[in-house]
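The values are calculated or read from the model by the stated rules, or taken from the named source; none is laboratory data. This structure is a prediction, so every number in the text was calculated from the model and none was measured. Cβ placement follows ideal geometry from the backbone for every residue including glycine, while neighbour counts extend to all protein chains displayed. The protein model used for the area step is the full one, side chains on, heavy atoms only, and it has no ligands, DNA or RNA in it. Shrake-Rupley method; radii C 1.70, N 1.55, O 1.52, S 1.80 Å.
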Amino acid sequence: MQFKKITDSQTTITELMLPSYANFGGKVHGGILLSLMDKVAYVTATKHCASYCVTVAVDGVEFLNPVEVGDLLSLKASVNYVGNTSMIIGIRVETLNPKTGVMQHTNSCYFTMAAKDDDGKLIAVPGLEIENETQLRRFCEGIALKNMSKQKRELLKSNLTHMSFASLKSACAKEKCLIQS
């Protein structure tokens, strides 16, 4: 099995936030940020496995601080975990106000990327060569994220699809919804 160092595929992309990126509130639109995160995840995954990669899932996107027009947005990404055909890419997003020099963490998230061959079939990805405690911690966090995602899919599939309308209605009774039937 082939192994690669995490540092070999780490990627940082920095981009100026333009007025055309603004939403109705004058802040940079979250969709722009998600697109940039997807781009850096793709670059990082592709550098790791030297093949075409697709986004499978996105976890943990929480916008902690707004991004302002004129900020320099940096996305720092690395492969945190690898499975057989997929990778979890950790991304840290920060802004720098070039006038004040103030840097702010806006969010961190995880993209699961899968490697594919030229025919679109899933292919094996290289393993990770862990070089320090931080990389080992992130790899273990990746295992936990993978397991939580699997549990979430199983929970949603098994519990809710087999519940009767009355049971669903009862389960949602204390929530903020108006059920018409």
From most to least accessible, 1.4 Å probe, no ligand or DNA/RNA atoms counted, H48, H162 line up as H162, H48
Give or take rounding to whole Å, what are the principal axis extents of the alpha carbon atoms in the range 1-76, in descending order?
50, 22, 21
For the range 108-181, the percent of accessible surface on carbon and sulfur atoms (probe 1.4 angstrom, ligands and nucleic acids excluded) is 56 percent
Computed FRET value (nearest 0.05) for H105 with V54, which takes r as the C-beta separation and R₀ as 25 Å
0.35
Candidates Q151, Q104, Q135: whichever shows maximal mean-square fluctuation once the chain is modelled as a Gaussian network with Cα springs under 10 Å:
Q151
Over its alpha-carbon atoms, the range 33-175 yields an Rg and a Dmax in Å of 18.7, 58
Quick one: how many Å² of I179 are accessible to a 1.4 Å probe, rounded to 10?
60 Å²
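Roughly to the nearest percent, how much of the accessible area of the range 10-83 is carbon and sulfur, given a 1.4 Å probe? Before the final figure, lay out the partial values.
Numbers: 2110 of 3560 Å².
Answer for the range 10-83 is 59 percent, counting heavy atoms of protein chains only.
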Comparing M113, M37, M163 in a Gaussian network model of the chain (Cα, 10 Å), the one with the largest mean-square fluctuation is M163
For a quick check of understanding: with a 1.4 angstrom probe and all protein chains in place, what accessible area in square angstrom does K150 have, to the nearest ten?
110 Å²
Given the Cα-Cα distance of H162 and R137 and 0.36 nm per residue of separation, how much length would full extension add, in nm?
5.2 nm
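Using a cut-off of 15 Å between beta-carbons, work out the net charge of the residues near N107 (Lys and Arg +1, Asp and Glu -1, N107 not included). Before the final figure, lay out the partial values.
On the way: positive: K27, K76, R92; negative: D38, D59, E62, E68, D71, E94.
Net charge around N107: -3.
The range 91-140: which trypsin sites (Lys or Arg not before Pro) are DSSP loop and have at most 13 other beta-carbon atoms within 10 angstrom? Don't jump to the answer; show the numbers that get you there.
Working: sites: R92, K99, K116, K121, R137, R138; in loops: K99, K121.
Passing sites in the range 91-140 are K99, K121.
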Based on DSSP loop calls and a cut-off of at most 11 other Cβ atoms within 10 Å, the longest stretch of the chain free of exposed GluC sites (Glu not before Pro) is what?
63-130
What distance in nm lies between label points placed 7 Å from Cα along the C-beta direction at L155 and H29?
3.3 nm
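Mind checking the full-extension length gain between L178 and T12? Use 0.36 nm per residue of separation minus the Cα-Cα distance, one decimal, nm. Could the numbers behind the result be given before it?
Numbers: separation 166, 0.36 × 166 = 59.76 nm, distance 4.61 nm.
This chain segment gains 55.2 nm when fully extended.
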